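The values are calculated or read from the model by the stated rules, or taken from the named source; none is laboratory data. Quantities reported herein were computed from a predicted structural model and do not represent experimental measurements. A quick note on method: Cβ atoms are made from the backbone with ideal geometry, for glycine too, and the neighbour counts reach across all protein chains shown. Side chains are part of the model used for accessible areas, which takes the heavy atoms of the whole protein and leaves out ligands, DNA and RNA. Shrake-Rupley method; radii C 1.70, N 1.55, O 1.52, S 1.80 Å.
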Amino acid sequence: MQHAKDVPFTFEVSVPEATMSRYDNHLTRRLSSMKGQYADREAYAAMLEQEDMLLYEVYETKRPEVAGELLHGLSILHPGKVGREYFMTKGHFHTVLETAEVYYCLKGEGMMVMETPEGDWAVEELRPGRVLYVPPRWAHRSVNTGTEDLVTFFVYPGHSGHDYGTIETQGFCKLVIEENGRPKIVDNPRWRPREKT
Ligand code: PAN
Ligand code: ZN
């Protein structure tokens, strides 16, 4: 849907339902789009053979992808695990590295795994009512560590763009796995410091 006129608009993000009353783009990501991302390759292959499950969905308001605009929407990450690793988003750097993002958690339990090109890392808990500020330069991936949907509202600059390729090559430096029924942050054995460019 194109906006006929560029005028102020409102919509509801309902709490606790965590739904968005107005959107014009709905993206879905399935297990098959996460090839190579989960540490347990065998568990991934076995699950994929059973079913190409829906892992997460994004509802967006379309806006021009230019500086000055703010892209925003809802991210809904379903619960589950591949082996011991919780369901997660692909994760990305913004193509324009110097762009930030704000996340507001509406529902569920989770974590945001983040890292910079220099190899600094951070993991922050997401829970309803919590705002997370992802500064410029930090790649980000949401992880659902709970048993219900993890729903977040996000806002980021229109010209940010998404660089998925850098993460696809070796993932994030930290993984979130289940141990004794609880989430645990562990090193990603495949990860190596990035070459300086
Ligand atoms: C979010 C993410 C959304 C899905 O809108 O795009 O949560 O995650 P992936 O894009 O990593 O699949 C955002 O961070 N936008 O910049
Ligand atoms: Zn982002």
Q: With a point put 7 Å past each Cα toward its Cβ, work out how far Ala46 is from Glu17 in nm, to one decimal.
A: 3.9
Q: Provide the gained length on full extension for the span Arg130 to Arg182, in nm with one decimal, where the gain is 0.36 nm per separating residue minus the Cα-Cα distance.
A: 16.7 nm
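Given Cα positions, please report Rg to Rh for the stretch 13-187, the hydrodynamic radius being the Kirkwood one. Show your work: numbers first, answer last.
Working: Rg = 15.4 Å, Rh = 16.4 Å.
My calculation of the ratio gives 0.94.
For the chain, which whole percent of the accessible surface, found with a 1.4 angstrom probe, sits on carbon and sulfur atoms? Please report the intermediate quantities before stating the final value.
Values: 5430 of 10580 Å².
Here carbon and sulfur together make up 51 percent of the probe-accessible area.
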(Q) Going 7 Å from the Cα of Arg84 along its beta-carbon direction, which residues of the stretch 90-112 have the amide nitrogen within less than 11 Å of the resulting point? (A) none
(Q) As I understand it, the value is the acute angle between the Cα axis of helix 41-50 and the longest principal axis of the Cα atoms of the chain; what does it come to in degrees, rounded to 10? (A) 60
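How high is the relative contact order of the stretch 18-115? Use alpha-carbon pairs under 8 Å, at least six apart in sequence, and give a whole percent.
Answer for the stretch 18-115 is 28 percent.
Relative to 2.2 N^0.38 Å, what does the C-alpha radius of gyration of the stretch 138-195 come to as a ratio? Two decimals please. Walk me through the numbers before you get to the answer.
Working: Rg = 14.2 Å, N = 58, 2.2 N^0.38 = 10.3 Å.
Rg over 2.2 N^0.38 Å, computed on Cα atoms: 1.38.
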Q: Mind jotting down the distance between the C-alpha centroids of the stretch 64-131 and the stretch 157-197, whole Å?
A: 12
(Q) I'd like the GluC sites (Glu not before Pro) in the stretch 1-75 restricted to DSSP loop residues with at most 16 other Cβ atoms within 10 Å, sorted by number. (A) Glu12, Glu17, Glu51, Glu65
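Using only Cα atoms, what Kirkwood radius does the stretch 38-122 have, in angstroms? Please list the in-between numbers first.
Working: mean 1/r = 0.0640 Å⁻¹.
Mean inverse Cα-Cα distance, inverted, gives 15.6 Å.
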Q: Starting from the Cα of Lys62, step 7 Å along the direction of its Cβ; do the same at Thr28; then give the gap between the two resulting points in nm.
A: 1.9
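Return one whole number: the accessible area per residue of the stretch 13-187 in Å², for a 1.4 Å probe. Walk me through the intermediate numbers first.
Details: 8250 Å² over 175 residues.
Computed with neighbouring chains in place, this is 47 Å² per residue.
At 0.36 nm per residue, minus the direct Cα-Cα distance, what do Ala122 and Glu98 gain on full extension? Give it in nm, one decimal, please. Before the final figure, lay out the partial values.
Numbers: separation 24, 0.36 × 24 = 8.64 nm, distance 1.75 nm.
Value of the extension gain: 6.9 nm.
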Q) Label-point separation (nm) for Thr166 and Glu69, each offset 7 Å from Cα along Cα-to-Cβ? A) 2.3
